[in-house]
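Notes for the one structure printed next.
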Amino acid sequence: MATALLSAQAAAPLSAELKTKFERRVQEIASRLDGVVGYVFVDLTSGERITRLEHETFPTASTIKLAFVYELFKQAAEGKARLDEAITLDRGKAVGGSGVLIELGTPTLSIRDYAVLMVTLSDNTATNILIDRLGMEQIARRIHGLGLNATKLRRHMMDTAAARRGDENVSTPDDIARLLQAMPPDGLELLKKPKESRLRKGLPRGVATADKPGELEGVRVDAGIVYAKNRPFVLCVMTTFLKNDGEGERAIEEMSRAAYEYFSRLADGPLGRRIQN
């Protein structure tokens, strides 16, 4: 036991140096980007957090849909919603932006299927159907009950009139990271389904993630739990005032890659020796 304690004490400066290098790396990525960047990285093993502008309010874009996933599975557990409940699409509620329902007729789908479309294709019509079924005020109450008071659900998807009034859906990197940590297991399984995201582009093939990206003009957001072997972590990167959206996307991808390389090396042990299986 004494030997293990001495080993841990000797390793502390080494892991601290690795952390410092990671912090500098993500700060450098953020400083290069012509825009504003906030982020939170949470080590789910140690609880350690690395942050920048974590309490500042950013537009969420479609990453606000994490709140709807949370509410759906909470209501399902309470018996207030059935995942197999069928809802026929009202064409008057079909909206564009992203997704496939805008191109269809009047399909009848289960709540679960609408949720899958919301997560995998970021389908805005499916999202609005879920907001109406779950209740916008109820979703807001639940989120605030978690203490996520900076997260504001103010409009449906593609409500451009509300957006022009300034009624934007907003949150902070800290709130989004905490929401992910509170997500029910069934919600995380839904979020693991295949999708395109900057977060996933930065990871090696085969690494599981439970995530939801979002984008608007001048805004890019990615947030999720990355299941790095023996060292899972939460990542939330929020950007706004982007001069170039593509640069924002590349910055998030770089941060995702840097985070994975950092946390996966922590999993090698306190002294950093990589032991092959």
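Once the mean of 1/r is taken over each pair of separate Cα atoms and inverted, the range 180-253 shows a Kirkwood hydrodynamic radius of 12.8 Å. Placing +1 on each Lys and Arg Cβ and -1 on each Asp and Glu Cβ, with no other charges, gives the range 96-154 a dipole about its Cα centre of roughly 340 debye.
What value in Å³ per residue do you get for the convex hull of the alpha-carbon atoms in the range 141-221?
Once divided by residue count, the hull of the range 141-221 is 124 Å³.
Per the Kirkwood formula on distinct C-alpha pairs, the Rh of the range 1-139 is how many angstrom? Across the range 1-139, the inverse of the average 1/r is 18.8 Å. To the nearest 10, the accessible area of His156 is 60 Å² with a 1.4 Å probe. When the Cα atoms of the chain are aligned to their principal axes, the ranges along those axes come out at 67, 42, 34 Å in descending order.
Put simply, the convex hull of the Cα atoms in the range 87-133 casts, on average, a shadow of 2.7 nm².
Solvent exposure of the chain amounts to 48 Å² per residue of accessible area, where only protein heavy atoms count and the probe is 1.4 Å.
Calculate for the chain the 222 nm mean residue ellipticity that helices alone would give, adding -39,500 (n - 2.57) per DSSP H run of length 4 or more and normalising by residue count, nearest 500 deg cm²/dmol.
Details: 10 runs with 124 residues, N = 277.
Result for the chain: -14000 deg cm²/dmol, rounded to the nearest 500.
The share of accessible area on the chain that comes from carbon and sulfur is 50 percent, using a 1.4 angstrom probe.
For the chain, the dipole from Cβ point charges (+1 on Lys and Arg, -1 on Asp and Glu) about the Cα centre works out to 500 debye, to the nearest 20. The distance from the alpha carbon centre of the range 201-277 to that of the range 92-130 is 28 Å, rounded to a whole number.
If packing is taken as the mean number of other Cβ atoms within 10 Å per residue, what is the order of 90-97, 167-174, 125-132, highest first? Can you show the working numbers first?
Details: 90-97: 13.1, 167-174: 21.9, 125-132: 23.4.
Highest-to-lowest ranking by the protection proxy: 125-132, 167-174, 90-97.
Springs between alpha-carbon atoms under 10 Å, Gaussian network over the chain: tell me which of Glu23, Glu78, Glu137 tops the mean-square fluctuations. Among Glu23, Glu78, Glu137, the largest GNM mean-square fluctuation belongs to Glu78.
The values are calculated or read from the model by the stated rules, or taken from the named source; none is laboratory data. None of the values given here were measured: they were computed from a predicted structure. Here the Cβ is made from the backbone with ideal geometry for all residues, glycine too, and neighbour counts use every protein chain on show. Ligands, DNA and RNA are excluded from the accessible area calculation, which covers all protein heavy atoms including side chains. Shrake-Rupley method; radii C 1.70, N 1.55, O 1.52, S 1.80 Å.
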